[in-house]
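The values are calculated or read from the model by the stated rules, or taken from the named source; none is laboratory data. Treat the numbers as computed from the prediction; the structure is a model and nothing was measured. Positions of Cβ are backbone-derived with ideal geometry, glycine not excepted, and every protein chain shown enters the neighbour counts. Only protein heavy atoms, including side chains, enter the accessible area calculation; ligands, DNA and RNA are left aside. Shrake-Rupley method; radii C 1.70, N 1.55, O 1.52, S 1.80 Å.
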Amino acid sequence: MSDIHIANIALNGAGIVLTLIVISFIYRKAMTEKRNRYVMYAGILHFVTLCTSTYIEFSDEREHIWENSAHYISIVFLRIVALGLLVCCIVMESDDRIRFFKRKEPISIKMTLAVFLPVVIGLTIQAFVIHFRVLGFLMAISLLLVHELLEYSHRIELNNKEEILNIRQAKLMAEQMQPHFIYNSLMSIHYLICTDPEKAAQCIQDFTGYLRGNIDALTTEDPIAFSKELEHIDQYVSLERASTDREFEMIYDLKSGDFKIPALTVQPIVENAVKHGALSRKDATGFVRITTETIGEFVRITIEDNGGGTSLTEKQINNCRIGIRNARLRLDAQCGGTLTINSSENGTRAVITVPKEAV
């Protein structure tokens, strides 16, 4: 066995080790991202080609085998597919879509170089030294570089979201605790102390729980049980009923309840539905319905009201209702959830979707 064949075997062995390291890194994270899955598939395909190349180098009839077009074409084909998967990673955007036209995000130059530069170097070397097969090892380097760059970009994205979330949390209390609601609640408690002390005591308890829920949201970085968020909603509703003479109905259709959700994501939406939806019905027929259900890998929470449909337009959501903007931010930063709101003349419908695995 010549020195060049020994070098090829050593390079293939090093490539196998690097490829297994990348695969093990991604496997331990359960391939939660589509990009990571593509890198995993590319790694598996490349691992197969490296093992095949190593077997051929060990074979006594290696020169004859390399001349066999079937072996050669299969290895080239698998490596092209693996390279194609890596290319998909670099053109994929944050929403897991691949767009070649009308892109929202620029293609990463560093990741492009990580994919193509080692391959170009390998092809150049093999063009001048025909029997020296370094491409497999350098493709393993590409896999490792792409994986590390993906990890780095993911950490940067998380840090940016955390920084934005911390800034929002600093303002959350002043924005969420609206002075007129506190004033009305205290005035209602003052009135009830003289007329209905037992009810006043209950309102004080609800008011304390309502304040605690808002304060806890400033320091809570992890999602909370939905039952706790529901308790916060009940406290708000109780205080709202005590401070208004208009009747409204709360309807609960909870098909799923054993899940977690970021704090203060459902309560602000219910608050808007009550104030600008149910209470806008002067005939006391207003209602707010909360529905939860599990759909595949997601939990969907729907908040509906039968108001006039004019209080929760997109313009007001973006410009006036700070609580809803905070809810969207918390959903995105803490669990990758989404919030959509649609209004019509028959009322407003808000839908929160959170992945079960994330919460």
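In the complete set of protein chains, residue-level accessible area for I107 is approximately 70 Å², probe 1.4 angstrom.
Peptides 131-138, 347-354 ranked from most to least packed by the mean count of surrounding Cβ atoms within 10 Å: 347-354, 131-138. In the P(r) worked out for segment 177-279, what percent of Cα pairs fall beyond 22 Å? Cα-Cα pairs in segment 177-279 separated by more than 22 Å: 33 percent.
Available extension along the chain between C88 and D245 is 50.6 nm, counting 0.36 nm per residue and deducting the alpha carbon span. Just so you know, the Rg over Rh for segment 70-158 is 1.04, from Cα atoms, with Rh as the Kirkwood radius. For K161, the lysines whose Cα comes closer than 30 Å to its Cα, not counting residues fewer than 8 places off in the same chain, are K29, K34, K102, K104, K110, K171, K228, K260, K315, K356.
Subtracting the Cα-Cα distance of E297 and D196 from 0.36 nm times their residue separation leaves 31.6 nm of extension gain. Model label points for Y27 and R97, set 7 angstrom from Cα along the Cα-to-Cβ axis, are 3.4 nm apart. One decimal place: the segment N342-F128 gains 70.7 nm when fully extended, by the rule 0.36 nm per residue minus the C-alpha distance. In order along segment 261-267, phi translates into HN-Hα couplings of 8, x, 4, 6, 10, 8, 4 Hz, rounded to whole numbers, per the Karplus curve 6.51 cos²θ - 1.76 cosθ + 1.60 with θ = phi - 60° and x for Gly and Pro.
Debye-formula intensities of segment 1-142, expressed as log10 I(q)/I(0) at q = 0.10, 0.22 Å⁻¹, are -0.37, -1.39 (one equal scatterer per alpha-carbon, no solvent).
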